[in-house]
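The structure appears right after this line, and notes come after that.
A short reminder: the numbers here are calculations on the coordinates, not readings from a lab. Just so it is clear, the model here is predicted, and its values are computed rather than measured. Every residue, glycine among them, receives a Cβ derived from its backbone with ideal geometry; neighbour counts consider all protein chains shown.
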Amino acid sequence: MQPHDFWQELHPANTFDVGKGGIGKTHTNFYTATLMDGRQLRLPIRPLSDGTHALASLIINQASFAVQDALAAQLAEKLRPFRPEVIIGLPTLGLTLGSAVARALGHSRYVPLGTSPKFWYQAELSVPMSSITTPDQTKRLYIDPRMLPLLQNRRVVLIDDVISSGTSIAAGLTLLSIAGVEPVAIGAAMLQSRRWVERLTALDSRWPEKIAGVFATPLLSKMPDGSWSAQDKPTA
């Protein structure tokens, strides 16, 4: 597949053999994720800098609208039991998903966090932020002070597209805590391996239990023949 061909199509259930939960199965050209309704989505494999591990990748703002809508609708259903009143989107790609999830839940708006400082923002309502895709770039994450009345005493959910190392989500949770807001849940389209668990547990042992994802993907290990093998089965 060409890079621009990924994330464009959802395939019927069982189109691709994923073995027994993907454990021990090798992958060469793509990793197959299974959605809540059984449909499958092919994801490109991104090798990590150590050369021996890789992750399945999702860039939601490059996905087709059909894929975006399906992921948002399924995440909305997973979040419904938390009775969210306000959805908060985490930049950058969590803004795309957060907006769509809010619409799927029947909300009339959502609250985006930002990394571009507007002149009316307040320095004390910001925290440092980096991510796995931009590890050498530390930005600041802001909340618009004018949005605070929408969040106070409300059941809010923080949304990102992917939770991987947990760095971005931890920054979002820290910022909301400064603003006096505690989300009832955290949502993502993809839970990428289980590396985020330790970071969020260190922040608060309750957070891992409040994570909802449409699907999960494992850390992949490189095999002697150059293929990639999933050694565990993370759950969404």
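Phi angles of the range 105-117 translate, via the Karplus equation with coefficients 6.51, -1.76, 1.60 and θ = phi - 60°, into HN-Hα couplings of 7, x, 6, 8, 6, 9, 10, x, 7, x, 10, 9, x Hz per residue; Gly and Pro are given as x. Within the listed set 57, 108, 126, the Gaussian network model of the chain (springs between alpha-carbon atoms below 10 Å) gives the highest mean-square fluctuation for 108.
Per-residue Cβ neighbour counts within 10 Å put 6, 119 in the sequence 119, 6, beginning with the fewest.
For trypsin sites (Lys or Arg not before Pro), the sites in the range 166-236 that DSSP calls loop and that have at most 11 other Cβ atoms within 10 Å are 206.
Axis angle, to the nearest 10 degrees, between helix 93-104 and the longest C-alpha principal axis of the chain: 80 degrees. Summing Lys and Arg as +1 and Asp and Glu as -1 over all other residues whose Cβ lies under 11 Å from the Cβ of residue 95 gives a net charge of -2.
Relative to the longest principal axis of the chain, what angle (0 to 90°, nearest 10) does the C-alpha long axis of helix 65-79 take? Long axis of 65-79 versus the principal axis of the chain: about 70 degrees. Among the GluC sites (Glu not before Pro) within the range 66-140, those in coil by DSSP and having at most 16 neighbouring Cβ atoms inside 10 Å are 85. Inter-label distance, residue 178 to residue 201: 2.7 nm, where each label sits 7 Å from its Cα along the C-beta direction.
Viscosity 0.890 mPa s, temperature 25 °C: Stokes-Einstein D of the chain from its Kirkwood Cα radius, in µm² per second?
Value of D from the Cα-based Kirkwood radius: 135 µm²/s.
Taking amide H positions as modeled 1.01 Å from N, with prolines and chain starts lacking one, the residues under 5 Å from residue 185 and 5 or more places away or on another chain are 158.
Taking amide H atoms as placed 1.01 Å from N in the peptide plane, the amide H of residue 31 lies under 5 Å from those of 43, 45, each 5 or more residues away in sequence or on another chain. Residues in the range 156-172 carry Karplus couplings, in order, of 10, 10, 8, 10, 10, 6, 9, 10, 10, 7, x, 5, 5, 4, 4, 5, x Hz; the curve used is 6.51 cos²θ - 1.76 cosθ + 1.60 with θ = phi - 60°, and Gly or Pro positions show x.
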